[in-house]
Amino acid sequence: MKVAIVHEWLVTYAGSEKVLEQLINIFPNADLFCIVEFLSDKDKRFIKNMNIKTSFIQKLPYSKKKYRLYLPLMPFAIEQFDLTGYDLIISSSHAVAKGVITGPHQLHISYVHSPIRYAWDLQHQYLKESNLSHGVKSVVARWMLHRIRLWDFRTSNGVDHFIANSKFISSRINKVYRRDSTVIYPPVDVDSFTFYPEKDDFYFTASRMVPYKKMDIIVEAFTNMPHNKLIVIGNGPDFEKIKLKAGPNVTLLGYQSFSVLKEYMQKAKAFVFAAEEDFGITPVEAQACGTPVIAYGRGGALETIRDSNSPKPTGLFFKEQSVSSLIEAVNEFEESSNLFHPRDCRENALRFSTQRFVSEIRQFISTKWDEFNCR
């Protein structure tokens, strides 16, 4: 069986790359296709010595730092990969990877992190955050996203089986493509986030400082609760803006090493998470440390955190991405913190281990491969 793995772009080692890493471990002799590859030497270790094939966008001007600007060309670029010699194609897709062209004698399985967010239900949010709500540029952007939606729906027919990274994304796949999917949660390296039952008197959050992570809400909420201490790790374009909102009880540490991040995550009384994520690995990592989570009650967090109505709760949710809603949730946590036990958090996190992911992916692909060859 000759295998091709298709990924959008390789520029960092983040959530979707952790899925890709395990696919590479399962199929070490596969060939890897991606739009661009600009990994640092440190991040490149997970792809080992794979044969990597990139698109023509790799050689276009400014593609290393501005590759996202070539989004209008990406559907065309992904279709130029010649996969005719492969039996099994596995796409790891959150934008265009699932759009590769395959034939009737090839099995195409797509692991979907999300349909293209900024082309579907998050289009208006994307346009607003990119200052493209009005004007000629807005019209051009809207037309481009319209064309991408048409292409995205059409190419969903080229996928034999969809895997969703959460029930939340499974519902998106059904809404956008009208296709069923199997949920296989992404791998979380719970072994690296060791259990630590002793907690200190501070809250903790960590994330990139970008708009959709809503770090400004967290900082502003705790600034309005001067009796509660908050430690923040992370950097990004919004760092200085968020720093201006921080009161004396809020400490912004910027980027920190993994060992520092893990220590704060282990010792925090709770981890705070305000983003609407497709899955959300960080809340699971916090629970692996034995730390409960206060999270926005939308998206994948609803599947990875057990709230106070569950027999063994591991956190609680706030209803709106607002300062007042988060303050209410923190006050609720203070009043009911005795309900959350570190051991329960750890046990819940183990449901999302790397070993579980590998086992489920192997079983799924094996079953679909056997069915495909028995047609």
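The values are calculated or read from the model by the stated rules, or taken from the named source; none is laboratory data. All values derive from a computational prediction rather than experimental measurement. All Cβ positions, glycine included, derive from the backbone under ideal geometry; neighbour counts span all protein chains shown.
Residues of region 268-279 include none that is modelled with pLDDT of 95 or more, part of a helix (DSSP H, G or I) and charged (D, E, K, R). Does any residue in region 347-375 that is within 17 Å of Val284 (Cβ to Cβ) come within less than 8 Å, Cβ to Cβ, of a residue that is of a type in the set (Phe, Trp, Tyr) six or more places away or on a different chain, and which pairs are these? Close Cβ pairs (under 8 Å, with a partner that is of a type in the set (Phe, Trp, Tyr)) amount to Ala349/Phe193; Arg351/Tyr185; Phe352/Tyr185; Arg356/Tyr185; Phe357/Tyr185. Within region 288-306, does at least one residue satisfy the condition of being under 15 Å from Phe340 (Cβ atoms), among the β-branched types (Val, Ile, Thr), in a helix (DSSP H, G or I) and touching a residue at least 24 places away in the same chain (Cβ under 8 Å)? Looking for residues that are under 15 Å from Phe340 (Cβ atoms), among the β-branched types (Val, Ile, Thr), in a helix (DSSP H, G or I) and touching a residue at least 24 places away in the same chain (Cβ under 8 Å), one finds at least one in region 288-306, hence yes. All of (1) more than 25 Å from Pro313 (Cβ to Cβ); (2) assigned by TED's automatic domain parsing to the domain that holds Arg306 hold for His341 with one exception: (1). Selection of region 70-79 for residues being in a helix (DSSP H, G or I) and over 21 Å from the mean Cα position of the chain (by Cα) yields Tyr70, Pro72, Leu73, Pro75, Phe76, Ala77, Ile78. Exactly one residue out of Glu320, Glu347 is outside any helix (DSSP H, G or I) and out of contact with any Cys (no Cβ under 8 Å at 6 or more places or on another chain): that is Glu320. The requirement of being of a type in the set (D, E, K, R), outside the structural domain of Ala275 (by TED's automatic domain parsing) and in contact with a helix residue (DSSP H, G or I) (Cβ under 8 Å, 6 or more places away or on another chain) is fulfilled somewhere in region 166-175, by at least one residue.
Quick grid of which residues meet (1) more than 17 Å from the chain's Cα centre (by Cα); (2) touching a residue at least 40 places away in the same chain (Cβ under 8 Å):
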position	(1), (2)
Ser138	yes, no
Phe153	yes, no
Ser156	yes, yes
Ser166	no, yes
Asn174	yes, no
Pro186	no, yes
Asp189	no, yes
Ser192	yes, yes
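Considering Ser207, Ser156, the condition of being assigned by TED's automatic domain parsing to the domain that holds Gly299, out of contact with any strand residue (DSSP E or B) (no Cβ under 7 Å at 6 or more places or on another chain) and surrounded by 17 or more Cβ atoms within 10 Å (Cβ to Cβ) is satisfied by Ser207 alone.
Apart from one condition, Asn338 fits all of (1) part of a helix (DSSP H, G or I); (2) touching a residue at least 24 places away in the same chain (Cβ under 8 Å); the exception is (2).
Results for (1) basic (Lys, Arg); (2) in contact (Cβ under 8 Å) with a residue 40 or more places away in the chain; (3) assigned to a helix (DSSP H, G or I); (4) on the phi > 0 side of the Ramachandran plot, shown as yes or no for each residue.
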{"residue": "Thr84", "(1), (2), (3), (4)": "no, no, no, no"}
{"residue": "Thr102", "(1), (2), (3), (4)": "no, yes, no, no"}
{"residue": "Ser133", "(1), (2), (3), (4)": "no, no, no, no"}
{"residue": "Arg142", "(1), (2), (3), (4)": "yes, no, yes, no"}
